[in-house]
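The structure under discussion appears below in the form of structure tokens.
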Amino acid sequence: MDQEFLILTDPANGKQIELPVLRPTQGPPVIDIGRLHREMGYFTYDPGFLATASCHSTITFIDGDEGILQYRGYPIEQLAEQSNFLETSYLMMYGELPRPEQLEEFHNIMTHHSMLNESLKSFFRGFYHDAHPMAIMVGVVGSLSAFYHDSTDITNPRHREIAAYRMIAKMPSIAAASYKHTIGEPQVYPDNSLSFTGNLLKMMFSVPCEEYHVNPVAEKALDLIFLLHIDHEQNASTSTVRLAGSSQANPFACIASGIAALWGPAHGGANEAVLSMLEEIGDVKNIPEYLARARDKNDPFRLMGFGHRVYKNYDPRARIIRKMCHEVLKDMGDESDPLFELAIRLEEIALSDDYFIARKLYPNVDFYSGLIYRALGIPTSMFTVMFAIARTVGWVAQWMEMIGEDNLRIGRPRQLYVGPVQRDYVQMDKR
Ligand code: SDX
């Protein structure tokens with residue numbers, strides 16, 4: 001197909017520029033504005049990047065209007081039904097589903113990179129007992145850049161791969177150790193005989209003085225939730241990792257920046273905020289009052305777990321998690337969880353409210369995930385930590401894709417300056 005162009009005319013002088021139109025394999029076309037400032041003297045303006053493509057990627061595709069999510073072209077519904085977290089993690093890193101021997105090797109690598117350097121254990125003791133586990137995780141993951149000097153030459157593909165293995169494999173150990181510190185219990189070493197999620201559950205909930213048996217319902221539910229959270233295109237935390245990585249920073253430091261961005265309640269911190277919101281609403285009879293607050297522009301309250309920058313339809317992950325929620329609560333003997341009933345009613349009422357309908361505000365992945373974590377016995381303060389464990393796969397895959405490109409350039413947005421024009425310094429006695 002011949003190159004297509006979008007022609008722009010400068011209203012100030014009639015000068016024109018032809019901007020190349022780039023066509024995707026799926027989704028909307030983009031306009032390449034690379035020459036706009038150099039030839040026309042203009043920047044583009046898009047606070048929050050609502051309509052700005054920051055990169056090209058082959059990893060995840062989202063169609064927000066249709067509620068579509070694909071990992072490497074595979075629909076999330078098929079992967080949720082037929083795959084598992086580790087197999088999908090391999091797919092995200094390498095672009096293809098693994099053959100049996102590749103998956104077995106990948107599983108062995110993840111298993112044998114899960115231990116933490118013994119000197120890292122003292123880092124946890126430096127935090128006060130009431131530190132939020134996300135604060136501990138940000139600090140400890142960032143400190144990994146003080147280790148592993150044997151694999152941080154980011155120009156070396158093998159180093160990038162080893163750093164990726166270490167990051168994904170160590171997150172459950174760091175998460176569990178962060179949790180143990182906050183409850184004053186000893187850290188538990190990984191158990192190489194267990195699955196990725198079974199190992200996490202044991203490191204979080206076992207104690208040295210008695211046997212621990214992994215609950216298969218919890219193990220399977222966590223595996224599916226992790227699979228659903230692996231990646232989501234250029235969301236806030238992934239874009240943070242890419243921007244940090246574009247300066248060629250240490251890979252562990254880049255992941256720490258992603259964890260920091262994920263923590264916000266507008267992003268990955270929403271799953272924790274949903275539970276707090278449900279507990280604050282407390283009863284179905286209070287729902288109208290809180291929906292009125294959500295509609296009130298003068299009230300900062302927002303319905304946590306609702307709305308999404310991209311999805312203007314149901315988040316496909318929310319559909320899958322909602323169904324799983326029923327199953328987990330039934331199996332874990334908690335089907336009458338009042339907060340789950342409240343969430344169901346809140347969803348029904350919000351989805352029939354004109355304000356939410358007009359703004360296409362639907363439940364997102366965070367609306368139900370917290371309820372499942374709670375049913376699995378995971379404390380609210382650990383919900384976003386769970387999200388970070390899974391999203392590390394997406395961050396790492398997107399970082400590897402960017403760093404592996406030939407023309408890596410540092411990300412450096414511009415601005416619309418609206419501050420004071422140039423003025424002269426005023427001596428103190430003249431102010
Ligand atoms: C995640 O990007 C990703 O992919 C993220 C994620 C991933 O996997 O990485 O999917 C994970 O972060 C999911 C989102 C979790 N966050 C929450 O649930 C927090 C509550 N949601 C909102 O804060 C909000 O919906 C955002 C942050 C998710 C999206 O914000 P946008 O795209 O900037 O939308 P907006 O703020 O411009 O809202 C548009 C309108 C506004 O009203 P008007 O000014 O047009 O009158 O909708 C309103 C907003 O006030 N609105 C809400 C609302 N969300 C948007 N009103 C009440 N409650 C809400 N939740």
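Odds and ends about this structure:
- Residues satisfying the stated conditions in region 374-413, i.e. in contact with a helix residue (DSSP H, G or I) (Cβ under 8 Å, 6 or more places away or on another chain) and either farther than 30 Å from Asn215 by Cβ or among the acidic types (Asp, Glu) (or both): Gln398, Trp399, Met400, Met402, Ile403, Gly404, Leu408, Arg409, Ile410, Gly411
- Checking Val21 against (1) in a loop (DSSP other than H, G, I, E, B); (2) over 24 Å from the mean Cα position of the chain (by Cα), the condition it does not meet: (1)
- Taking region 267-305 as the range and being over 27 Å from the mean Cα position of the chain (by Cα) and polar (S, T, N, Q) as the test, the residues that pass are Asn286, Asn298.
- Screening Val274 with (1) of a type in the set (Val, Ile, Thr); (2) within 14 Å of the ligand (Cβ to nearest atom); (3) in contact with a Leu (Cβ under 7 Å, 6 or more places away or on another chain) gives one miss only, at (3).
- Residue identified as within 26 Å of Gly411 (Cβ to Cβ) and either exposed (fewer than 10 other Cβ atoms within 10 Å of the Cβ) or modelled with pLDDT under 95 (or both) among Pro28, Pro20, Pro11, Pro24: Pro28
- Filtered residue count, region 118-131, keeping only those that are closer than 17 Å to Met204 by Cα and surrounded by 18 or more Cβ atoms within 10 Å (Cβ to Cβ): 1
- In this entry, Leu342 is excluded by the filter for residues that are more than 19 Å from the chain's Cα centre (by Cα), in a helix (DSSP H, G or I), surrounded by fewer than 22 Cβ atoms within 10 Å (Cβ to Cβ) and at pLDDT below 90.
- Residue match in region 141-151 (condition: more than 25 Å from the chain's Cα centre (by Cα), loosely packed, with under 15 Cβ neighbours inside 10 Å, not in a helix (DSSP H, G or I) and not aromatic (Phe, Trp, Tyr)): no
- Filtered by the rule that a residue be under 18 Å from the mean Cα position of the chain (by Cα) and surrounded by 21 or more Cβ atoms within 10 Å (Cβ to Cβ), region 310-339 gives Tyr311, Asp315, Pro316, Arg317, Ala318, Ile320, Ile321.
- Scanning region 346-382 for residues that are in contact (Cβ under 8 Å) with a residue 60 or more places away in the chain and among the acidic types (Asp, Glu), we see that the one that is nearest to the ligand (Cβ to nearest atom) is Asp366.
- Answer residue from region 210-242, given it is within 15 Å of the ligand (Cβ to nearest atom) and out of contact with any helix residue (DSSP H, G or I) (no Cβ under 8 Å at 6 or more places or on another chain) and is nearest to Pro265 (Cα to Cα) among those: Asn235
- Taken together, Ser257, Ser206 contain a single residue that is polar (S, T, N, Q), away from the ligand (no atom under 11 Å from the Cβ) and within 16 Å of the chain's Cα centre (by Cα), which is Ser257.
- Within region 280-294, residues that are touching a residue at least 60 places away in the same chain (Cβ under 8 Å) reach partners that are in a helix (DSSP H, G or I) with beta carbons closer than 6 Å, at six or more positions or on different chains, in the pairs Ile281/Tyr290; Val284/Arg345; Ile287/Leu346; Ile287/Ile349.
- Within region 300-336, the set of residues being among the basic types (Lys, Arg) and more than 13 Å from the ligand (Cβ to nearest atom) comprises Arg319, Arg322, Lys323, Lys330.
- Verdict on Gln234 being more than 25 Å from Tyr148 (Cβ to Cβ) and in contact (Cβ under 8 Å) with a residue 40 or more places away in the chain: yes
- Neighbours by Cβ (under 9 Å, 6+ apart or cross-chain): first from region 81-92, over 16 Å from Glu104 (Cβ atoms); second small (Gly, Ala, Ser): Met92/Gly394; Met92/Ala397
- When Ile154 is tested against (1) modelled with pLDDT of 95 or more; (2) surrounded by 14 or more Cβ atoms within 10 Å (Cβ to Cβ); (3) hydrophobic (A, V, I, L, M, F, W, C); (4) part of a loop (DSSP other than H, G, I, E, B), just one condition goes unmet, and that condition is (1).
- Residue in region 263-279 that is touching a Pro at 6+ places or on another chain (Cβ under 6 Å) and either under 27 Å from Phe49 (Cβ atoms) or aromatic (Phe, Trp, Tyr) (or both) present: yes
The values are calculated or read from the model by the stated rules, or taken from the named source; none is laboratory data. A quick note: this is a predicted structure, and the numbers were derived from the prediction, not measured. In this analysis, Cβ positions are derived from the backbone assuming ideal geometry, glycine residues included, and neighbour counts consider all displayed protein chains.
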